[in-house]
Amino acid sequence: MYSSNLIGFILAVVSGAFIGSSFIIKKKGLQRAGLNGTPASVGGYGYLLQPLWWIGMVTMIVGEIANFVAYIYAPAVLVTPLGALSIIVSAVLAHFMLGEKLQKMGMLGCLLCIVGSTEIVLHAPQERSLTSVLEIWLLAVQPAFLLYIASAMALSFFLIFYCAPRHGQTNIFVYIGICSIIGSLTVMSVKAIGIAIKLTFDGSNQFIYFQTWIFTMVGISCIITSLNYLNMALDTFNTTVVSPIYYALFTSFTILASAIMFKDYSGQSISSIASELCGFITVLSGTTVLHCTRVPDPPVSTDVYSPLSPKVSWYIQGNGEPWKQKEEDGPPLNLIRIIQQDHFK
């Protein structure tokens, strides 16, 4: 009965392990590249010659493929929250391989993510059995989901054309809101494409229907848009703040979209729905704790000869008042005169 959910769960866990590991492997490759040339953080591309970085990229691709297949076998309300597992894997491996200390509160965050994920898995709804893309299309054009699409697009256009130019650089919810809302439509399209591919491999070609190509075009457009605004958010704001907010909004909108389109919670008891929501809140809390206790990377100086912080010196001026001087400033005129007088005495 729950075999498809079990397959989706296993694939989601595998995906989290591969994606979380890829972050660490790529960072090790970036560190090695930085030792032999210009670091990537200041515009260097030496990491492209590092085999370790490419191993990390392949690992990430494998993880994303596993995540893609997981959406075929399990509902989005099960697969999407389990994305937090990649954060746990990344934090634990960083502790042992990169020397980034995992504090006690960080360990508590990992435990909360595990407990919440278990709660979600135990109460996740059963995946619907779909035999054609035409069935998915009927779900996508039902009035309730069309209303969600219209609302999502209207809100996205408002954020893109009105809020982003005015408040994008100061309000973190603008860019993250755009990529989260569009991201929920991405997941719905990707799930439809994945089911079409699975049915095609089973012998029922789904690419003869124009609906399959509509899902494909929508999916590609949404992926490009959401990645663009996610990069803008990461470039503008601190990653430790962006990650938990993006996880919360993206997962919330995806669960809402999936519940409307696929009617994931149809037939479930109130207690099961409440338990799954509590599990999601627990995972969200663990993710937030993990990111809040993370030690940020030290800033990289573009000049290898410059000190990490300017030195400050104090001198006594001729009138007896202290005068504060930074290292990049020249020496005070009164001091120059005193040195000159002492030199020629």
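Annotations
- Residues of segment 198-210 satisfying the condition of being of a type in the set (Gly, Ala, Ser) and part of a helix (DSSP H, G or I): none
- Among the residues listed as 224, 195, 176, the single one being in a helix (DSSP H, G or I), among the hydrophobic types (A, V, I, L, M, F, W, C), under 29 Å from residue 283 (Cα atoms) and without any contact (Cβ under 8 Å) to a residue 60 or more places away in the chain: 224
- Only a single criterion out of (1) surrounded by fewer than 23 Cβ atoms within 10 Å (Cβ to Cβ); (2) within 21 Å of the chain's Cα centre (by Cα) is not satisfied by residue 84, namely (1).
- When the helices (runs of 4 or more DSSP H) confined to segment 11-118 are screened for residues that are more than 27 Å from residue 245 (Cβ to Cβ), those reaching at least 3 such residues are found at 51-73.
- Within segment 126-153, the set of residues being open to solvent by 20 Å² or more (accessible area, probe 1.4 Å), among the hydrophobic types (A, V, I, L, M, F, W, C) and within 24 Å of the chain's Cα centre (by Cα) comprises 149, 153.
Okay, residues lined up against (1) without any contact (Cβ under 8 Å) to a residue 24 or more places away in the chain; (2) of a type in the set (S, T, N, Q):
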site	(1), (2)
63	no, no
66	no, no
90	no, yes
93	no, no
98	no, no
104	yes, no
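- Residue within segment 136-157 that is under 25 Å from residue 20 (Cβ atoms) and assigned to a helix (DSSP H, G or I) present: no
- For segment 179-199, residues that are within 15 Å of residue 257 (Cα to Cα) and aliphatic (A, V, I, L, M) total 7.
- Yes/no for residue 58 being open to solvent by 20 Å² or more (accessible area, probe 1.4 Å), modelled with pLDDT under 90 and farther than 16 Å from residue 184 by Cα: no
- Looking across segment 179-224 at every residue that is among the hydroxyl-bearing types (Ser, Thr, Tyr), open to solvent by 10 Å² or more (accessible area, probe 1.4 Å) and over 20 Å from residue 254 (Cα atoms), the one that is modelled with the lowest pLDDT is identified as 204.
- Within segment 257-296, the residues that satisfy the criterion of being within 17 Å of the chain's Cα centre (by Cα) and either assigned to a helix (DSSP H, G or I) or over 27 Å from residue 99 (Cβ atoms) (or both) are 280, 283, 284, 285, 286, 287, 288, 289, 290, 291, 292.
- Hits in segment 226-256 (condition: more than 9 Å from the chain's Cα centre (by Cα), buried (at least 20 other Cβ atoms within 10 Å of the Cβ) and either hydroxyl-bearing (Ser, Thr, Tyr) or more than 24 Å from residue 75 (Cα to Cα) (or both)): 226, 229, 233, 251, 254
- Taken over segment 19-30, residues that are without any contact (Cβ under 8 Å) to a residue 60 or more places away in the chain and either touching a Phe, Trp or Tyr at 6+ places or on another chain (Cβ under 9 Å) or not polar (S, T, N, Q) (or both) amount to 4.
- Residue in segment 263-276 that is closer than 28 Å to residue 23 by Cβ and either at pLDDT below 85 or of a type in the set (S, T, N, Q) (or both) present: no
- Residue check, residue 160 within 30 Å of residue 17 (Cα to Cα), in a helix (DSSP H, G or I) and in contact with a helix residue (DSSP H, G or I) (Cβ under 7 Å, 6 or more places away or on another chain): no
- Test: residue 175 is touching a Phe, Trp or Tyr at 6+ places or on another chain (Cβ under 6 Å), of a type in the set (Phe, Trp, Tyr) and buried (at least 17 other Cβ atoms within 10 Å of the Cβ): yes
- Residues being surrounded by fewer than 18 Cβ atoms within 10 Å (Cβ to Cβ) and in contact (Cβ under 8 Å) with a residue 60 or more places away in the chain - total across segment 161-171: 1
- In segment 163-173, the residues that are out of contact with any Cys (no Cβ under 9 Å at 6 or more places or on another chain) and outside any helix (DSSP H, G or I): 168, 169, 170
- Residue in segment 31-38 that is within 22 Å of the chain's Cα centre (by Cα) and not small (Gly, Ala, Ser) present: yes
The values are calculated or read from the model by the stated rules, or taken from the named source; none is laboratory data. On a predicted model such as this, the values are computed, not experimentally measured, just so you know. Here Cβ is always computed from backbone atoms with ideal geometry, including for glycine, and neighbour counts include all displayed protein chains. Heavy atoms of the whole protein, side chains included, go into the accessibility calculation; ligands, DNA and RNA do not. Shrake-Rupley method; radii C 1.70, N 1.55, O 1.52, S 1.80 Å.
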